[in-house]
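Structure first, then comments.
Rule-based calculations on the coordinates, nothing more; no lab input. From a predicted model like this one, the values you see are computed outputs, not experimental measurements.
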Amino acid sequence: MVRSFRFMMLSTVMLAVVIVLSNVVFPGQAMGQRAFHRDDKVNKSIQDVIDGKANKQDIETLEQAVKADPNNADLQGVLAGAYGLVAEATADTALGDKAEQAAAKAHQLNPNSVSAQIAQAGVDVQSKDKGKREKAIALLAQHEAAAPHVTKYLRGKGLILDGKDAEGEKLLNEAAIDAAQRVKKDKQQIKEKHAK
């Protein structure tokens, strides 16, 4: 039970990173495009992570991309997302550990990166150390504009762990509403793009 909760939290954290990264544009791309990287294979793997359906092939592809660009905090964050998603799907504790390490590496590479900060805060929000958890909750609140539904969701989980069930539940409900609004907005943009 504890281990499955850890995987659930890890995949949520990693999905948070990827959702934030879905708004990041890698070099050579125009704003609003769904392509994030110059390599189509890497783009497919990034999209699989965003869609929550990463697999071991995506991990291999992203590991190669990170190896080719080891100082790219955003790619490192996407790799963390892939590890977290596959760890949850397979209950592979080694991949869960790699997800945590990749999130820490993304933060180390660029501590000013919002995606790296959210990734690290997402790991810390599940810490047994209440001080660390409270700091993570505060950091997530600061970055709410970057990914409202994700940061609210993670803050809600942290508050529930702190015994603040009503506050946490309220944030979880707000996160669900924000996520639904984002889906509706994305759907509209897709329809508009294809109507042209």
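Things worth noting here:
- Expressed as a whole percent, the proportion of Cα-Cα pairs in region 125-196 lying more than 15 Å apart is 57%.
- Put the Cα centre of region 51-85 next to the Cα centre of region 95-114 and the gap is 11 Å.
- Computed over region 125-196: relative contact order in percent, which uses C-alpha pairs under 8 Å that are six or more apart: 25 percent
- Greater than 19 Å apart at Cα, pairs in 128/164; 128/157; 41/185; 105/152; 130/164: 41/185; 105/152
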